[in-house]
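Engineer: What follows is a structure written as structure tokens; I'll ask about it next.
The values are calculated or read from the model by the stated rules, or taken from the named source; none is laboratory data. Just so we're clear, the structure is a prediction, and the values are computed from it rather than from any experiment. Every residue, glycine as well, gets a Cβ built from its backbone with ideal geometry; the counts of neighbours run over all protein chains shown. The accessibility values were calculated without ligands, DNA or RNA, using every heavy atom of the protein model including side chains. Shrake-Rupley method; radii C 1.70, N 1.55, O 1.52, S 1.80 Å.
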Amino acid sequence: MRFRKDINALRGVAVALVALFHFQTPGFNGGFIGVDVFFVISGYLMTAIVIGRLDKDRFSLWDFYVARFTRIVPALATLAAVLMVFGWFYLDAHAYKVLAEHSGAALTFISNFVFWREAGYFDASSQSKWLLHTWSLAVEWQFYIVYPIILMLGARVFGNKRSVYQVVLVLIGLVSFALDPVVARSHPEANFFLLPTRAWEMVLGGLVMLNAERFKFTPRTANALQTVGLVAIVGAGLFFTEAFDWPGVMTLVPALGAALVILSAANDSPFSNFTPMQALGRWSYSIYLWHWPLTVLIHYLDVPSHNPFVIAGGLALSVLLGFVSYELVERRAAGLRERFGLRGVGTLATAPIAIVLACTAVTFANGAAARLPNQIKLVSAASTDVDPRRTECLTNSVQRMVAGSGEIGCKYGTSTKVGAIVWGDSHGNAVIPGVVTAAAASDDSVMFFGTSGCPPFEGASRFGKHTEEPCRFFAKRVADEIRQYPTSVPVIVVARFSAYVDGKTDSVDPTILIGYDGERPLTDPAQRRTRYASFLTKDLCALAQSRPVYVLMPIPEMDHDVPNYLAKSMILGRHTEDVSIAESDYFKRNALARAAIEDAATHCGVKTLDPLPYLCRDGRCFGSDALMPLYIDGDHLSERGSERLTPLFRSVFDAS
């Protein structure tokens with residue numbers, strides 16, 4: 001197959017859009033569509049390779065896989081090795097273990113499954129995942145494994161005819177595309193990360209290849225079609241946003257744009273001959289590999305990512321590292337295979353195998369914690385200082401409700417007497433150790449009901465992008481369960497109250513705001529806050545009609561992931577102080593929620609539990625004490641932090 005300058009330049013456009021988007025360059029809100037352009041290109045090229053050789057009865061599945069391995073793995077293994085070396089010196093045990101897991105997943109091309117499964121309430125920020133971008137490589141590799149086998153079987157069963165391939169590809173493409181809206185509404189993360197909903201993009205490239213010979217354009221027409229395709233791609237990169245279902249109907253715009261550029265075959269247009277774009281296209285794979293870890297590094301070093309000089313420097317360094325990787329790794333790997341054949345491939349395979357084994361060892365060694373000073377090890381370990389039953393009693397509680405498997409709550413303690421019920425979200429689960437310790441002094445047990453991100457209010461509705469989350473239905477089930485306990489048993493209500501009306505501390509997140517009785521949250525902030533305050537007071541008062549109710553005032557939310565920030569500061573040799581926020585910032589953040597809870601206390605006899613005397617002093621609220629974290633992240637107390645509140649919870653059991 002002859003070299004296509006137009007396709008190479010299109011690669012340059014795709015990688016430029018992705019890099020501009022990830023470095024948060026103003027105006028490129030839709031740059032993520034560059035990945036979709038890559039998928040269409042891959043589908044075209046792979047179809048050309050497979051069918052071109054099937055036509056000549058020269059196709060070898062082994063040779064195809066070896067070629068893909070040589071093209072993709074050496075550069076990826078180099079990146080993984082560099083990151084693992086970097087992590088050895090500069091990452092704490094928890095972060096290094098995660099990097100090792102992700103590196104192994106990237107090199108075995110299952111990282112899309114890993115990142116899909118990780119998506120959830122306690123998931124780490126994308127800016128801390130050094131290899132998050134490898135999900136697209138995993139999707140492509142999975143396509144490479146399956147695709148040629150399907151084409152071979154089609155040729156063997158129905159004959160080696162273009163019409164057979166057309167039918168096979170159309171069927172795959174239609175099924176894949178039809179899955180998008182269905183999966184997007186129920187499982188948006190799966191829709192984004194997994195091959196079944198992405199396959200149609202690569203199939204589109206394959207259909208272009210199969211039908212290219214039917215279209216012969218004059219140079220002028222070809223240039224015009226190429227321009228139309230480029231306008232569609234760049235327009236999507238400029239004006240699309242992450243609010244769209246992706247992939248989905250709107251994905252057709254950049255995908256069809258890429259298909260049109262390839263179909264036009266304007267190999268001698270000004271765009272195709274533009275030298276800088278040819279260079280970007282040639283280095284595009286390595287640029288793609290290196291650009292994302294640079295964005296994570298900027299975040300890791302707390303460099304202002306929106307600074308124009310930082311953006312320009314990150315983009316320039318991405319291109320430079322892409323060039324170096326292309327020259328020293330990609331080209332040499334290809335030459336090694338061409339020169340030494342299978343022996344060369346065997347040599348190339350030793351590096352990724354060794355890296356995967358090293359990653360496995362680091363994972364089993366819990367992030368190779370032994371390499372770190374003891375203080376850093378202790379700080380890093382705080383990120384896992386959680387209720388040992390968190391998965392069972394918090395994360396899986398909704399699944400138990402849906403499965404109808406009986407009890408949705410968890411009993412803590414060995415006593416047959418339940419001294420109190422804790423109803424909460426993840427903040428409720430975070431304080432359970434302190435409550436249980438307080439209960440044990442009275443020889444009481446504690447029941448916990450809750451699930452992540454669901455407020456402990458009857459009638460509260462949370463929504464994902466399209467559908468209502470199970471929060472309202474779970475809350476009704478919990479309320480029914482609580483009614484089975486004697487009215488003398490008090491309920492302790494614990495929640496991240498302010499998040500449900502104002503979003504997370506760093507953004508107004510529409511997926512955490514609540515509506516009522518199946519209605520979406522109000523869009524006007526003032527109306528939303530007024531309604532929330534009324535709802536919160538009324539709900540607490542309704543609960544207090546049947547039993548004693550205690551409400552834990554909001555836990556202070558820090559500006560940093562406490563264990564990560566402290567460990568990183570120590571590793572980098574920075575002057576390290578305890579993480580804290582101003583008490584005035586706490587009151588500003590939580591004024592509405594505290595006022596609504598106080599109203600319930602005034603009018604309905606609800607009793608308040610204030611954590612501030614145990615977590616704040618001298619006008620500041622602390623996330624750590626003597627450089628030991630009291631939080632597992634930026635807002636959930638650790639077991640250590642929860643135990644600080646034990647004296648506060650003693651009052652509940654003393655009163656009962």
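Engineer: Taking Phe177, is it open to solvent by less than 30 Å² (accessible area, probe 1.4 Å) and under 27 Å from the mean Cα position of the chain (by Cα)?
Structural biologist: No; evaluated as a whole, the condition is false for this residue.
Engineer: Can you name the condition, by its number, that Phe28 falls short on among (1) of a type outside the set (Lys, Arg); (2) outside any loop (DSSP other than H, G, I, E, B); (3) open to solvent by 10 Å² or more (accessible area, probe 1.4 Å)?
Structural biologist: (2)
Engineer: Given the structure, is Arg547 surrounded by 15 or more Cβ atoms within 10 Å (Cβ to Cβ), touching a Pro at 6+ places or on another chain (Cβ under 7 Å), outside any loop (DSSP other than H, G, I, E, B) and of a type outside the set (Gly, Ala, Ser)?
Structural biologist: No, not satisfied.
Engineer: Could you list, in sequence order, all residues of region 265-289 that are crowded, with 24+ Cβ neighbours inside 10 Å and either touching a Gly at 6+ places or on another chain (Cβ under 6 Å) or part of a helix (DSSP H, G or I) (or both)?
Structural biologist: Gly281, Trp283, Ser284, Ser286, Ile287, Tyr288, Leu289
Engineer: Of all residues being small (Gly, Ala, Ser) and open to solvent by less than 50 Å² (accessible area, probe 1.4 Å) in region 236-264, which is nearest to Met84 (Cα to Cα)? Just the residue, please.
Structural biologist: Gly237
Engineer: Shifting gears a bit: When you look at Phe39, is it assigned to a helix (DSSP H, G or I) and within 26 Å of Glu201 (Cβ to Cβ), yes or no?
Structural biologist: Here the answer is yes, as Phe39 does meet what is asked.
Engineer: Inside region 195-232, can you point out the residues that are small (Gly, Ala, Ser) and surrounded by fewer than 18 Cβ atoms within 10 Å (Cβ to Cβ)?
Structural biologist: Of everything in region 195-232, those that are small (Gly, Ala, Ser) and surrounded by fewer than 18 Cβ atoms within 10 Å (Cβ to Cβ) turn out to be Ala212, Ala224.
Engineer: Same structure, new question: Look at Ala77 and say whether it is in contact with a helix residue (DSSP H, G or I) (Cβ under 6 Å, 6 or more places away or on another chain) and over 27 Å from Ser284 (Cβ atoms).
Structural biologist: no
Engineer: Checking the condition buried (at least 20 other Cβ atoms within 10 Å of the Cβ), in contact (Cβ under 8 Å) with a residue 60 or more places away in the chain and under 21 Å from Ala420 (Cβ atoms), which residue from Ala655, Ala600 passes?
Structural biologist: Ala600
Engineer: If you don't mind, there's one more thing I want to ask. Take the residues of region 414-427 that are more than 24 Å from the chain's Cα centre (by Cα) and crowded, with 19+ Cβ neighbours inside 10 Å: which is farthest from Pro486 (Cα to Cα)?
Structural biologist: Checked region 414-427; the qualifying residue farthest from Pro486 (Cα to Cα) is Gly424.
Engineer: Right, another one. Going residue by residue through region 74-81, is there one that turns out to be within 24 Å of Ser305 (Cα to Cα), open to solvent by less than 10 Å² (accessible area, probe 1.4 Å) and modelled with pLDDT of 95 or more?
Structural biologist: yes
Engineer: Then there's this: Out of the residues in region 495-537 that are of a type in the set (Ser, Thr, Tyr) and either part of a loop (DSSP other than H, G, I, E, B) or open to solvent by less than 10 Å² (accessible area, probe 1.4 Å) (or both), state the one that is nearest to Ala243 (Cα to Cα).
Structural biologist: The residue in question is Thr511.
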